[in-house]
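*Asks:* Sharing a structure, written as structure tokens. Questions coming.
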């Protein structure tokens, strides 16, 4: 019996963050066809492409990188500590 090989599909995706307006590029495990199918649908990305990490899903949807998200959460946390 032949073992199924995992498909390797990776593309560099450049997005502008909805949080900061900064542009970033990230390698994501999607083909261009899959990305277009996601943007054309109203499906949930976690259901369409469960193989993507939460960080990759967030980047595809919003352009927010993990580093930017952590910095934002830290800033929010320190802001609420002062109140």
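Derivation of every value follows stated rules applied to the coordinates shown; laboratory data play no part. Given the structure is predicted, the values throughout are model-derived calculations rather than measurements. Every residue, glycine as well, gets a Cβ built from its backbone with ideal geometry; the counts of neighbours run over all protein chains shown.
*Asks:* Set the Förster distance to 41 Å, then compute FRET efficiency between residue 33 and residue 76 from the Cβ-Cβ distance, nearest 0.05.
*Replies:* After rounding to 0.05, the efficiency reads 0.65.
*Asks:* Then there's this: When N is the residue count of region 20-60, what does its C-alpha Rg come to as a fraction of 2.2 N^0.38 Å?
*Replies:* The value comes to 1.17.
*Asks:* Could you give the semi-axes, largest first, of the ellipsoid that matches region 11-81, computed as the square roots of 5 times the alpha carbon gyration tensor eigenvalues and rounded to whole Å?
*Replies:* After diagonalising the Cα gyration tensor, the semi-axes are 25, 13, 10 Å.
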